[in-house]
1. Is it the case, given these coordinates, that Tyr155 is among the hydroxyl-bearing types (Ser, Thr, Tyr), under 19 Å from Ala96 (Cβ atoms) and outside any helix (DSSP H, G or I)?
2. Filter region 188-220 down to the residues that are under 28 Å from Gln137 (Cα atoms) and without any contact (Cβ under 8 Å) to a residue 12 or more places away in the chain and list them by number.
3. Is it fair to say Ser35 is in contact with a Cys (Cβ under 7 Å, 6 or more places away or on another chain) and crowded, with 21+ Cβ neighbours inside 10 Å?
4. Being in a strand (DSSP E or B), out of contact with any Asp or Glu (no Cβ under 6 Å at 6 or more places or on another chain) and in the same structural domain as Leu174 (by TED's automatic domain parsing) is true for just one of Arg68, Arg61, Arg46, Arg132. Which residue is that?
5. Tell me which residues, restricted to region 96-130, are among the basic types (Lys, Arg) and touching a helix residue (DSSP H, G or I) at 6+ places or on another chain (Cβ under 7 Å).
6. Going residue by residue through region 115-129, is there one that turns out to be touching a Lys or Arg at 6+ places or on another chain (Cβ under 8 Å) and part of a loop (DSSP other than H, G, I, E, B)?
7. Kindly indicate whether any position in region 174-188 is touching a helix residue (DSSP H, G or I) at 6+ places or on another chain (Cβ under 8 Å), among the basic types (Lys, Arg) and in a helix (DSSP H, G or I).
8. Which of the residues belonging to region 97-129 are within 22 Å of Lys43 (Cα to Cα) and either touching an Asp or Glu at 6+ places or on another chain (Cβ under 8 Å) or not assigned by TED's automatic domain parsing to the domain that holds Asp164 (or both)?
Amino acid sequence: MARELSLRPRLQAVADMMKSSAIVADIGCDHGRLSVALLRMGKAKRVIASDISEPSLEKARLLAQKCRLSDKIEVCVSDGLAHLDKSGNVDTIIIAGMGGELISSILAKGEAVAKSAKQIILQPMGGIEELRKFISQNGYEIFDEKLVLDAKRYYQIIGIRFCDAQSSETNGFLGDYWSLGTLLFEKKDALLKQVLERRLTMLEKEIARANRDNFTPEILTKELDKVKELLSTVNTWEE
């Protein structure tokens, strides 16, 4: 077995964003590759890997055994954060590969555990607007975020922590556009232009189809104007 397991780009980005921790909770761990990789990288001393699927957890158990890490990984069937101690002994929570609405629901149901963690790393598969609104409205701040291209699809990796703050641009939110965050612009993320250009093309096609039916979609038109504005900002970086 290689010293480090190879991870898909989106999961590698999750690992890269995470600061070293004593105890990491990998929620929806699936096959357990991320859990094992974090231990092998030295980024976690212990991992609690959970999933609602027993077959997936069996794969995680076998991988941990193969890597001789069974003593450092606790594998358990659980829905969300229900299995975690509310005393705050979990430093890091990772929720990757789920929809934004489901991630929001998990954080809401396990509020005490989530708010006691030092860092929460999220990798939503969709529903990014709903997730960002939840983060903003429930006292969290975004401390880091990154765009990743994986198998021709763009993903957002978002690091949050509870700070009991109200929604504001200083806490990582654009305010009037929930698909992206201010940190992506502050860091001049290398993929930001591509993401905006792809969204621009999609919006133009949707609006054109609606226009052919003698309909002007106001919501999409407003978003198109915003995307053009943001893209204009990004284009100035190349000047």
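1. yes
2. The answer is Pro217, Glu218, Ile219.
3. Values: in contact with a Cys (Cβ under 7 Å, 6 or more places away or on another chain): yes; crowded, with 21+ Cβ neighbours inside 10 Å: yes.
Yes: the conditions hold for Ser35.
4. Numbers: Arg68 fails: in a strand (DSSP E or B); Arg61 fails: in a strand (DSSP E or B); Arg132 fails: in a strand (DSSP E or B).
Selected residue: Arg46, the only one of Arg68, Arg61, Arg46, Arg132 that is in a strand (DSSP E or B), out of contact with any Asp or Glu (no Cβ under 6 Å at 6 or more places or on another chain) and in the same structural domain as Leu174 (by TED's automatic domain parsing).
5. Pass one, region 96-130, residues among the basic types (Lys, Arg): 109, 115, 118.
Passing the criteria: none in range.
6. Filtering region 115-129 for residues touching a Lys or Arg at 6+ places or on another chain (Cβ under 8 Å) gives 116-120, 123.
Those left that are additionally part of a loop (DSSP other than H, G, I, E, B): 117-118.
For region 115-129, residues touching a Lys or Arg at 6+ places or on another chain (Cβ under 8 Å) and part of a loop (DSSP other than H, G, I, E, B): present.
7. In the first step, residues of region 174-188 are kept if they are touching a helix residue (DSSP H, G or I) at 6+ places or on another chain (Cβ under 8 Å); the result is 174-182, 184-185, 188.
From the residues that got through so far, the ones that are among the basic types (Lys, Arg) too are 188.
Then keep just the ones that are in a helix (DSSP H, G or I); that gives none.
No - not one qualifying residue is present in region 174-188.
8. If we filter region 97-129 for residues that are within 22 Å of Lys43 (Cα to Cα), which is where we start, we get 97, 113-124.
If the condition is that a residue be within 22 Å of Lys43 (Cα to Cα) and either touching an Asp or Glu at 6+ places or on another chain (Cβ under 8 Å) or not assigned by TED's automatic domain parsing to the domain that holds Asp164 (or both), then Gly97, Val113, Ala117, Lys118, Gln119 are the ones that fit.
The values are calculated or read from the model by the stated rules, or taken from the named source; none is laboratory data. All values derive from a computational prediction rather than experimental measurement. Note: ideal-geometry Cβ built from the backbone for every residue, glycine included; neighbour counts use all protein chains shown.
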